[in-house]
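Every read-out reported here was derived from the displayed coordinates using simple, explicitly stated rules and does not represent laboratory data. Values in this document were obtained by computation on a predicted structure and should not be read as measured data. Glycine gets a Cβ as well: all are built from the backbone with ideal geometry, and neighbour counts include every protein chain shown.
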Amino acid sequence: MVTLYIDDIQVSVEKGSTIFDAAQKVGVYIPTLCHHPELHTFGGCRVCMVEANGKLVTACRAPVTDGMVVRIDAEGARKVQRMVVELLLTKHNEDCQTCVKDSNCKLQEVANYVGITPERMAMLRRSVTEVEIDESNPFFNIDRTRCILCGICIRTCEEINGVTALDFGFRGEHTAVVTMGNKKLAESTCESCGECMERCPTGALARKNYERPNREVKSVCGYCGVGCGIHLGVRGDRVVSVRGDKDNPVNKGQLCVKGRFGYNFVNHPDRLTTPLIKRDGELVEASWDEALDLVASRFKEIIDESGPNALGGISSARCTTEDNYVFTRLIRSLGTNNLDHCARL
Amino acid sequence: MRIKLEPLRQEAVKNWQELQSFGQPIILVGAATCGRASGALDVMAAIGEKMKELEIDAIVRQTGCVGMCHSEVLVDIIKPGRPRITYAKITPELAKELVEDYLVHDNAREDLAICVQGETPDEDLQVRVVMRNCGHIDPNSITDYLAQDGYMGLAKALEMMPQEIIDEVKVSGLRGRGGGGFPAGRKWESCLQVESDQKYVICNADEGDPGAFMDRSVLEGDPHSVIEGMAIAGYAIGASKGILYVRAEYPLAIRQLKIAIEQAKERNLLGENILGSGFSFDLDIFQGAGAFVCGESTALVLSIEGKRGMPKPLPRPRTSEEGLWGKPTLLNNVKTFACVAQIIHRGPDWFKSIGTEKCPGTAVFALTGKVNKCGLIEVPMGIELDKIINEIGGGVAGGRAFKAVQTGGPSGGCLPADMLNLPVDIDSLTAAGSMMGSGGMVVMDDSTCMVDVARYFLEFSLEESCGQCAPCRVGTEQMLTILKDITQGKGREGDIDLLVEMGKAIIDGSICGLGQSAPNPVLSTIRYFRDEYEAHIRDKECPAKACKALITYTIDAEKCQACGRCLKACPTQAITGAKKTPHTIDSDKCDKCGICFSECPDRFAAVLITTGGTESSN
């Protein structure tokens, strides 16, 4: 263990920890824009500058040493922090009201912490680069006027999803998060999982047609047998969003494109809500008891007429492992091994 | 162990002596990039043509750049039994005359000559270590290099222990010539001390400062000196592989290097079991895509690995411990390697006898700008700026007044006239708010606006910023916008303090040397020329009369002789007038190109430039 002092608060942390880790342990806030606990540290935003043993370092990268004296609010560090935030704001879309991240935005949070004054902002020259919003992806947009180039999306795509659809492109003031060959997102290797969007600290990567839910319901994704934990965002009786359950051991908060964005079927008018039985050539609504009785009686008739091997069962990858297990028991109990699964078709 | 260099050397020396005493005149044409840009290849063709026509036998050879870029194309002629005469500014026509006059009629054409036996007027001020062979030998001939004691450093090194070599480099006091000035021996030692199955030696030839071309000239004029230095380094740290990182915009340097590497391999000075020593060393060329930031060690390494060239933030392992492909990597500049071969060959004490105690050796500068003699110079560390500019450089061009000198490229700063007695070395320039960098030196006269100079360099830094860290990316952009505003008369009260504050924060906050030094041109010009900034902001005046938005061109009706020159030359038809009617300039149409000002004959001096409340005429 290594013992250090953060603003005179003594803290002991494991060797190899960073100043940022140590500060978190004692509940001391250090502003940051590019740090993300699930990703490798980047150290690009420079907002987490602190003074350690008299030298300016980035808290997210600097390893702790024994007896280290850290000043979070040192003047030199504050100047860098404030300048970076002020300058990012001069390049940032001012229209916060229409931004999905309004009041949940890391840039707002950090700007609030470092203290932005109208007098200072008036001294600076504003220049938001006009870039068209990339709306090519069906689920989320890239609005580069809100991008602070923290690189979290790039690292997420590489480290979490292993796709590397995004990287920094160009140089200097033209630097931007781009796909290979600067193509539209839909024409890139992006799998639309939305992990980048979930982590974007600003509204640069934003869900399309976003509606803020008024309550959440914990559930399990019904798309495949993995069974990812989800929180369904609900507004009235409508599902309006899905987010991964970070506490779920299966997916640790991650989701694929279907789990995250494919929830519209829930409230879709075409969705089947009761069993249907074909009567006189037409499918008509029936109760579960009616339907199950019909299935059981037809099974029996077929076995009696042609033997159990005239029956077979096909299950679905959208069912859980447990569901599929029970299904195999059912079919085998009817005396046949004719079983298959849609994933093999 | 017996190092088998002697037979190669003897053969080379014999060749060289034969060449000098062959009984035929030797004609040397400076055909580095600077020479070629001035028409060296046409001059060579003209010489060949004339020789054929007159049926003269002479040996015509190409050499690299001797440094006198101000007098290209340079042609040297050595007639048997005569001293070498260097001729300046030779055109194909003059070349033909020269061949006929000197070789046929024995008229040495003193009117075209610039010096004899290479003894230029500033010869005693210059010391040639890195550039000793440039302009003298044929870069495509390894025997030329061998005859100048080439590869003797390597041969000697191969008989020494690696630590002994490093000790010699340490004793010599050699510091990295790429700009950082880090002691080379210490860097080598840390590479040696890391255990690894593979190590690399990389030569940083990604020269990118505007106005700097020292490394290019060395690679074009004496490529073997760098190859030899790299091989010595490879042996000293235990690396079997070297990479020359050369920017792709240097095609001639790359070609000369390729030829040199092949020749060295043929003679077993590279490759397996070099000279029977058991040491093997291979050399490859990697062409950089022209990103300035890739001159930074970690970005350079990433670029070779095929990734985006972005410097790694601290804390990070040193390149010497974990560099290319995660292996210990020694990275030095072209000139550093070029020094090494001679340090080993001639001993560290010889090297220490040149320059200052803390910065031994020489500094190579690319002297450009408003100076009479632009070109490459090599001077001992510690020489005064004044001697460089006024003696070697021949003073400010056009008889104008000296205003400032910019060193260190976009990372450096501007020094004013009262700093001219500054002894130039790595530390003194840094202390003065500039830096040596890789060796760019741009002289400015009183027609140069310092705000505009700062803007120019900052624009370069911003364009070349890799964009990963916010202070460098958005900070330099904001500073640049403010500077542009100032030069356009839109500066505001408080801008200067804002620039200083922002500059300091960028230096403190940036990841790499590019960002940490990008504000230097602004801070140093504010430090030494604050009044010029104030004049722009408060009086909307550009004292140098250079900022277009702040100047007006008018014609003095009393002086104007109605000659019509300005009227004809004006590209925007802003000037009206007729015979015997003084001309006038319509300021709405005038786009301030300054053509009228230069067209108006000096004896009239009728075109005036006004800024704020002052005016000047030509």
On each of the three principal axes of the Cα atoms of the protein assembly as shown, give max minus min coordinate, whole Å, ordered largest first. 124, 84, 66
Computed over the Cα atoms of the stretch B:286-344, what is the ratio Rg over Rh, Rh following Kirkwood? 1.02
Out of the GluC sites (Glu not before Pro) in the stretch B:188-221, which ones are loop residues according to DSSP with at most 15 other C-beta atoms within 10 Å? B:GLU195
Based only on other Cβ atoms within 10 Å, what is the fewest-to-most ordering of A:ARG329, B:ARG216? A:ARG329, B:ARG216
Could you identify which residue out of A:MET49, A:MET180, A:MET121 has the top mean-square fluctuation in a GNM of chain A using Cα springs shorter than 10 Å? A:MET121
What distance in nm lies between label points placed 7 Å from Cα along the C-beta direction at A:VAL131 and B:VAL104? 6.8
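Would you kindly work out the equivalent ellipsoid of the stretch B:177-274 from its C-alpha gyration tensor and give its semi-axes, the square roots of five times the eigenvalues, largest first in whole Å? Please list the in-between numbers first.
Details: eigenvalues 105, 74, 20 Å².
Equivalent ellipsoid semi-axes, largest first: 23, 19, 10 Å.
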Sorted by average packing, counted as other Cβ atoms within 10 angstrom per residue and highest first, what order do B:560-570, B:163-173 take? B:163-173, B:560-570
Which of the lysines could a cross-linker span from B:LYS403 if the Cα-Cα distance has to be under 27 Å and same-chain partners fewer than 8 positions apart are dropped? B:LYS370, B:LYS373, B:LYS387, B:LYS484, B:LYS490, B:LYS504, B:LYS540, B:LYS545, B:LYS548, B:LYS592
How big, in percent, is the set of alpha carbon pairs in the stretch B:450-538 lying more than 17 Å apart? 38
Plugging the Kirkwood radius over Cα pairs into Stokes-Einstein for the stretch A:1-112, at a temperature of 25 °C and a viscosity of 0.890 mPa s, what D comes out in µm²/s? 167
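Taking every DSSP beta bridge that has both residues in the protein assembly as shown, what percent is antiparallel when rounded to the nearest 5?
Close to 70 percent.
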Among A:GLU158, A:GLU285, A:GLU216, determine the one that fluctuates most according to a GNM of chain A built with springs between C-alpha atoms less than 10 Å apart. A:GLU285
Quick one: B:GLU72, A:GLU109, fewest Cβ neighbours within 10 Å first, how do they rank? A:GLU109, B:GLU72
For the stretch B:125-185, calculate the relative contact order in percent as a whole number, restricting contacts to Cα pairs under 8 Å that are 6 or more residues apart. 17
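Treat the count of other C-beta atoms within 10 Å as a stand-in for reagent exposure and order B:ASP138, B:ASP222, A:ASP245, A:ASP66 from fewest to most. List each step's numbers first, then the result.
Details: B:ASP138 18, B:ASP222 30, A:ASP245 22, A:ASP66 10.
Starting with the residue having the fewest Cβ neighbours, the order is A:ASP66, B:ASP138, A:ASP245, B:ASP222.
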Those residues of the stretch A:296-338 whose amide nitrogen sits under 11 Å from the label point placed on A:ILE277, 7 Å along Cα→Cβ: A:296-298
DSSP loop GluC sites (Glu not before Pro) in the stretch B:340-405 with at most 15 other Cβ atoms within 10 Å of their Cβ, which ones? B:GLU357
Taking the stretch A:62-163, the whole-percent share of alpha-carbon pairs separated by over 17 angstrom is 66
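Please work out whether the stretch B:151-352 counts as rounded, prolate or oblate from its C-alpha gyration tensor, where a ≥ b ≥ c are the square roots of the eigenvalues and a/c under 1.5 means rounded, while otherwise a/b larger than b/c means prolate and anything else oblate?
rounded
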Once the convex hull of the C-alpha atoms of the stretch B:1-60 is built, how many Å³ does it hold per residue, rounded to a whole number? 95
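If R₀ is 25 angstrom, what is the calculated FRET efficiency for the pair A:PHE299 and A:CYS342, using the beta carbon separation as r and rounding to 0.05?
About 0.75, to the nearest 0.05.
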Determine, at each q value in 0.12, 0.15, 0.16, 0.19 (inverse angstroms), the log₁₀ of I(q)/I(0) that the Debye formula gives when each Cα of the stretch A:261-345 is one equal point scatterer. -0.51, -0.78, -0.88, -1.12
What base-10 log of the normalised intensity I(q)/I(0) is obtained for the stretch A:200-345 from the Debye formula, alpha carbons as equal point scatterers, at q = 0.17, 0.18 Å⁻¹? -1.11, -1.17
Once each part is reduced to its C-alpha centroid, what is the distance from the stretch A:1-53 to the stretch B:155-197 in angstrom? 37
Extent along principal axes [Cα atoms of chain A; Å; largest to smallest]: 89, 49, 40
Please work out the FRET efficiency for the pair A:THR98 and A:VAL266, using the Cβ-Cβ distance as r and a Förster radius of 30 Å; give the result to the nearest 0.05. 0.65
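Shielding by partners for B:301-312, please: the mean number of other protein chain Cβ atoms within 10 Å of each residue's Cβ.
Per residue, the number of nearby Cβ atoms from other chains is 1 on average.
Give me the net charge for the shell around B:ASP222: Cβ to Cβ below 14 angstrom, other residues only, Lys and Arg +1, Asp and Glu -1.
-3
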For the pair B:ALA557 and A:GLU14, the simple spin-label estimate (label points 7 Å beyond Cα toward Cβ) gives in nm 8.7
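Can you give the percent of C-alpha pairs in the stretch B:334-384 whose distance is more than 15 Å?
The calculated P(r) of the stretch B:334-384 puts 53 percent of pairs beyond 15 Å.
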So what is the relative contact order for chain B, in percent, with contacts set as C-alpha pairs under 8 Å and at least six apart? 11
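Give me the percent relative contact order of chain A, please, defined on Cα pairs under 8 angstrom at least 6 residues apart.
Values: 570 pairs, mean separation 34.1, N = 345.
Relative contact order comes out at 10 percent.
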Label-point separation (nm) for B:ILE56 and B:ASP497, each offset 7 Å from Cα along Cα-to-Cβ? 7.1
I want to verify a result. In a Gaussian network model of chain A, Cα cutoff 10 Å, which of these has the top mean-square fluctuation: A:LYS300, A:LYS208, A:LYS101? A:LYS300
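What number, rounded to the nearest 500 deg cm²/dmol, is the helix-based mean residue ellipticity at 222 nm of chain B, given -39500 (n - 2.57) per DSSP H run of at least four residues and division by all its residues?
About -10500 deg cm²/dmol.
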Have a look at the DSSP beta bridges in the stretch B:138-289 and tell me what percent are antiparallel, nearest 5. 15
Given the options A:GLN97, A:ILE9, A:ALA74, identify the residue whose Cα lies farthest towards the positive end of the charge dipole of the stretch A:2-123 (+1 on Cβ of Lys, Arg; -1 on Cβ of Asp, Glu). A:ALA74
Taking loop as defined by DSSP and a crowding limit of 12 other beta carbons within 10 Å, which trypsin sites (Lys or Arg not before Pro) in the stretch A:66-95 fit? none
FRET efficiency for B:CYS593 and B:GLN10, using Cβ-Cβ distance with R0 set to 56 Å, rounded to 0.05: 0.35
Alpha carbons only, please: Rg and Dmax for the stretch B:343-427, in angstrom. 14.0, 45
Could you tell me the largest-minus-smallest coordinate of the C-alpha atoms of the stretch B:548-617 on each of the three principal axes, in descending order and whole angstroms? 31, 23, 16
Debye-sum result for the stretch A:1-67 in log10 I(q)/I(0), which assumes one identical scatterer on each alpha carbon, at q = 0.13 Å⁻¹: -0.30
Looking at the square roots a ≥ b ≥ c of the eigenvalues of the Cα gyration tensor of chain B, which shape do they give, rounded for a/c under 1.5, prolate if a/b is larger than b/c, or oblate? oblate
